Amino acid sequence: MTAPIDLYYWPTPNGWKISIALEEMALPYDTHLVNIGKGDQFDPAFLAISPNNRMPAIVDPEGPDGAPVAIFESGAILQYLARKTDSFYGTTERDRIAVDQWLMWQMGGLGPMAGQAHHFLKFAPKKDPPQDIPYAKDRYREETARLYGVLDRQLAQHEYVAGDFISIADFAIWGWASLWEGQQQQLADKPNMARWLEVMGARPGVQAGRALHADKRK
Ligand SMILES: N[C@@H](CCC(=O)N[C@@H](CS)C(=O)NCC(=O)O)C(=O)O
């Protein structure tokens, strides 16, 4: 019997990556809410696990050598869980290169750009005083659109993001891409991305991961 993994989590696209992976991999876990709106991410006990004061993070009581391991950065957590379970990472070295490539694309590209799109399109204009900055809104909306174009072209050739097999790269990208409307994007010209969003969203593991503490989302 595998010991439950401690998941440090709040229901955002970065948090969903890990709740989805844990559900899809059928790994038991205990959830610890990190309310990032209230500043829980600066709690010294959390910083000992995640020194960059960001969630998600995990502690696996059964780490690589049987001893506990703490991991922050969602991409590193996904790679670890895929190695631990020998799943969702393809079957060959070429598969793993493709998975890593698209995972890094999400971590260094889509996540930061879509995150800034959300910030400047939705949150900044509501600040007091309002920060309605057309240059920033255009820049991040357009860069996010460019990235979704790249994703759509990849998905025109393959069923899933890294190839014809589902992987942690799909888990990393789906949550962000599912929020395309709030990023002021359109799918009419991205039929392959639309197809993939639907296929992924219909999976019970994806739905369960996405639903974890969804009530806390405003
Ligand atoms: N690169 C990090 C990003 C994580 C991240 O930005 N998490 C946000 C929520 S989506 C957070 O914890 N924010 C807290 C803060 O800004 O203080 C990862 O992928 O794990």
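Laboratory data are not the source of any read-out in this text; all were calculated from the coordinates shown. Small disclaimer: the values here were computed from a predicted structure and weren't measured. Quick reminder, even Gly has a Cβ in these numbers, built from the backbone with ideal geometry, and neighbours come from all protein chains shown.
Per-structure values
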{"read-out": "Highest to lowest packing among 130-137, 12-19, 173-180, scored as the average C-beta count within 10 Å", "value": "12-19, 173-180, 130-137"}
{"read-out": "Mean Cβ neighbour count within 10 Å, used as a protection proxy, ranking 78-91, 158-171 highest first", "value": "158-171, 78-91"}
{"read-out": "Sum of -39500 (n - 2.57) over DSSP H runs of 4+, divided by residues of the chain (222 nm, nearest 500)", "value": "-14500 deg cm²/dmol"}
{"read-out": "Mean Cα-pair separation over length for the chain, i.e. relative contact order, pairs under 8 Å, 6 or more apart, %", "value": "26 percent"}
{"read-out": "Overall form of the chain per C-alpha gyration tensor (a/c, 1.5; a/b vs b/c)", "value": "oblate"}
{"read-out": "Relative pair counts by distance (%), Cα atoms of the stretch 93-204, 10 Å bins", "value": "14, 45, 28, 11, 2, 0"}
{"read-out": "Cα gyration tensor shape of the stretch 98-160, rounded if a/c is under 1.5, else prolate or oblate by comparing a/b with b/c", "value": "prolate"}
